[in-house]
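Dumping the structure here so I can ask a few things about it.
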Amino acid sequence: MLGSRTAQAFELHREPGRQISGTARIWFTEKIRSLHRARPVAQELSTSSTLRVRTALCDECFLNVPAADMQLVQLYRKTEAAMEAARRRRPQRHPQRSGEATKAIALHCLGPEGGSEQGRGEQSALERVAHVDLSRQGCGSLIHFARAAMAEMMQAVQYSSYGGAHAALQPFRLAEMRFLNSGLTSDIVENCDVKAEHKEIPIPVPKKGEILVKVEAASVNPVDWKMQGGVMRPMLPAKFPHTPGTDIAGEVVKVGSEVKDFAPGDKVVAWLELKHGGAMAQYAVANPKTTVVRPPEVSAVEAACLPVAALTALQALTSGGMNFDGSYSGNVLVTGASGGVGTYAVQLGKIAGAHVTATCGERNIELIKFLGADEVLDYKTPEGKKLISPSGKKYDLVVNAAASAVTFSDMQPQLAPKGVVFELTPSPKTFLTSVIKRVSMSKQKYNQLMLNVEARNLEMLVGFVKEGKLHAVIDSKFPLAKVEEAWKKSKEGHAVGKIVITVTEE
Ligand SMILES: NC(=O)c1ccc[n+]([C@@H]2O[C@H](COP(=O)([O-])OP(=O)(O)OC[C@H]3O[C@@H](n4cnc5c(N)ncnc54)[C@H](OP(=O)(O)O)[C@@H]3O)[C@@H](O)[C@H]2O)c1
C-alpha cells in the first residue's frame, strides 16, 4: 500500500463480489488507460461495474464512479474534488495544494475542454504540467496520473543526473520503483554504476520539421555512457531526465507539417543529436537531415549499427583522401580494429582500395582478416605495441580507435613523412599534441576528429550494406529492458563490433 502523503491508493471493483485490489497507483493508471482506449469494453462494463476510488490521503473518502462515466477527465476531477473535500475535513492530515496548482493541472493537463480528444496526448500541455512542481505539496502522484491518462505512453530508459549516482534519483521515483519492481513496467538498475530508470513516459510529439520513428533497433556507443558520466558536459549540456542513445533504425509513424521527404510507413535509419538523445525508447523524434531511408535488404539491426560507428570511420577515411571507388593506393592503419568503429574502418578502407593494417587482440585476428585486413597485429605483442607493419610499410593514414591506449608518440615512428593520424578520442593531451604538430609546421598531421553527421554519408553506408560490401559485426543484442547490461558491456571496452538494443526487432 502506498502510505506516503504523496501517494494515493485505488481499488477497482469491476463486478459485485469480485474485488481487484490493485493498490499501486501505477497499476491503476495502467488499468484506466487500457479501459479508456477500449471504449466498448468500458461500456460493456457499465451495467455491472463501479469504479471505486480511494485516496490514501483520506481513508474515509471513497468515490464510486460508474464505468459508463469512465472518462478520465471526469474521474480525475472527481478524485481531485474528493481529495479536496477530505483535506477540508482533516486539514492536519492533508497537504495543502494551492488553488493555482490545481488550476494548473486542470488547464494544462486536462485542457479547457476537460480533456477532449484533441487535447489528449498533447506533449506541450504535458510538458507544462511537468513544470508545475506539485510534488512538494503532495501531488506528485497526481501529475503522474494525469500525464499517464492524457498521453500515449512508451517505455524508455532515462537517467536524471550526470554520474548516475543512486542518490540522484528523485525520491518519489524511488518509491514508485518499488511498485515497478513488482512487475508492471521494469526495474531500477542496481548492478551497474550507470543508474538508468526504465520508465513509461509520453510518446514524444514531432515538431513541424521532425519525424516520429517507432524504434525497431538501436545501438550503443561509448559516447552514450561518456555523456552520462558527464564527460561531455562542457560541450553538450543534456536536459534531464535524459533518454540516452543516438543510433536508431525503425519506421516513421508521424511527420511534422514541414517534412516533405518522409512519410509514415517509411523504414529509416537515423542519428539523433547527442544532446537530445532518445534512442533507448520505443519511439524517438528524429531530424530528417540526419535520417535516411532504409531499403528492405538492410535489416533494422544492421542499420542501427551504422550512424556513429560507421560514419566516424567513413569521415576519418574521407578526410584522409579516400572516395571509396577503389582508387586509393595508400597504407592505412586501423587501431582498435575489433571495436564498433574499427570493424567498419577496416571494411571501408578495403572498399576504398587501401592496404589495411589493423591492430586487435589475439582472439579477433581471424575476424579482422575476414573483414579484409591485409595485415593484423596483436596489440599485446612487442610488434603490435610498436605498430610495426609486418611488411615494413609506413602508414599514410591512421584511424586511432584504440583511445588512449595508443598515443601519437606510439604512431609517429611508423607514419609516412606526410602521414595523417585521425584521433577519435580527443583529450586535452591529444589537443595539445596536435597544436604542437601544427605550429611546428610538421608535415605529419595529428587531427582530432569530431563526428559531423551528414545524410549523404549515411546514405552511402546504407548503400554499401545493401550491396553486401559492408557488414555489421554484432557483439551482442539486448532487449530494451536490459539496456543497463549493454551499457556495462560497452563500458568494459571489449565489445567485438556493435552492441545492439532490440526494441521490436529480434
Ligand atoms: N570523435 C568521435 O566523433 C568519435 C566517434 C565514435 C567513436 N569515438 C571514440 O572512438 C573510440 C572507439 O570507439 P568504438 O565504438 O570502436 O569502441 P569499442 O567498440 O568499445 O572498442 C572496443 C574494442 O577496442 C579494442 N581495443 C581496446 N584497446 C585496444 C588496443 N590497445 N589496441 C587494439 N584494440 C584495442 C577491444 O579489443 P579487446 O577486447 O581485444 O581489448 C575492443 O574490441 C572510443 O573512445 C569512442 O568514444 C569517437
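Name the residues in region 242-283 that are of a type in the set (V, I, T), touching a residue at least 60 places away in the same chain (Cβ under 8 Å) and more than 18 Å from V453 (Cβ to Cβ), would you?
T243
Starting from residues that are of a type in the set (S, T, Y) and within 12 Å of the ligand (Cβ to nearest atom), keep the ones in region 421-433 and report whichever is surrounded by the fewest Cβ atoms within 10 Å (Cβ to Cβ).
It comes out as S427.
State all residues of region 366-389 that are without any contact (Cβ under 8 Å) to a residue 40 or more places away in the chain and buried (at least 19 other Cβ atoms within 10 Å of the Cβ); if no residue qualifies, say none.
I368, A373, D374, V376, L377
Considering only region 227-236, I want to know if a residue exists there that is buried (at least 19 other Cβ atoms within 10 Å of the Cβ) and either closer than 17 Å to F478 by Cα or within 16 Å of the ligand (Cβ to nearest atom) (or both).
Within region 227-236, one or more residues are buried (at least 19 other Cβ atoms within 10 Å of the Cβ) and either closer than 17 Å to F478 by Cα or within 16 Å of the ligand (Cβ to nearest atom) (or both).
Hey, any hits in region 458-472 for a residue that's more than 22 Å from E251 (Cα to Cα), hydrophobic (A, V, I, L, M, F, W, C) and within 14 Å of the ligand (Cβ to nearest atom)?
No, that holds for no residue.
If we keep just the residues of region 434-457 that are more than 16 Å from the ligand (Cβ to nearest atom) and β-branched (V, I, T), which is surrounded by the fewest Cβ atoms within 10 Å (Cβ to Cβ)?
My answer is V439.
Quick check on region 390-404: of everything there that is more than 36 Å from the chain's Cα centre (by Cα) and closer than 21 Å to K443 by Cα, which residue is surrounded by the fewest Cβ atoms within 10 Å (Cβ to Cβ)?
G392
Can you name the residue in region 308-319 that is in contact with a helix residue (DSSP H, G or I) (Cβ under 9 Å, 6 or more places away or on another chain) and more than 10 Å from the ligand (Cβ to nearest atom) and, of all such residues, is farthest from T359 (Cα to Cα)?
Result: T318.
When you look at K418, is it closer than 26 Å to A352 by Cα, more than 14 Å from the ligand (Cβ to nearest atom) and of a type outside the set (G, A, S), yes or no?
So K418 passes the test.
Condition first: touching a strand residue (DSSP E or B) at 6+ places or on another chain (Cβ under 7 Å) and not aliphatic (A, V, I, L, M). Now tell me which residues in region 459-473 satisfy that.
Within region 459-473, just E459 meets the criteria.
For region 256-282, how many residues meet the condition of being acidic (D, E) and either surrounded by 16 or more Cβ atoms within 10 Å (Cβ to Cβ) or not in a loop (DSSP other than H, G, I, E, B) (or both)?
Count: 1.
Only residues that are in a loop (DSSP other than H, G, I, E, B), out of contact with any Gly (no Cβ under 8 Å at 6 or more places or on another chain) and not basic (K, R): list them for region 452-492, please.
Scanning region 452-492 gives N452, V453, E454, E467, G468, L470, H471.
OK, next. If a residue must be closer than 17 Å to A303 by Cα and within 12 Å of the ligand (Cβ to nearest atom), how many such residues does region 473-495 contain?
4
For region 335-390, which residues satisfy the criterion of being of a type in the set (V, I, T) and away from the ligand (no atom under 13 Å from the Cβ)?
I351, V356, I388
Kindly indicate whether K469 is of a type outside the set (S, T, Y) and assigned by TED's automatic domain parsing to the domain that holds V301.
So K469 fails the test.
The values are calculated or read from the model by the stated rules, or taken from the named source; none is laboratory data. Since we're looking at a predicted model, the values are computed, not measured. Using ideal geometry, Cβ is built from the backbone for each residue, glycine included, and neighbour counts are taken over all protein chains shown.
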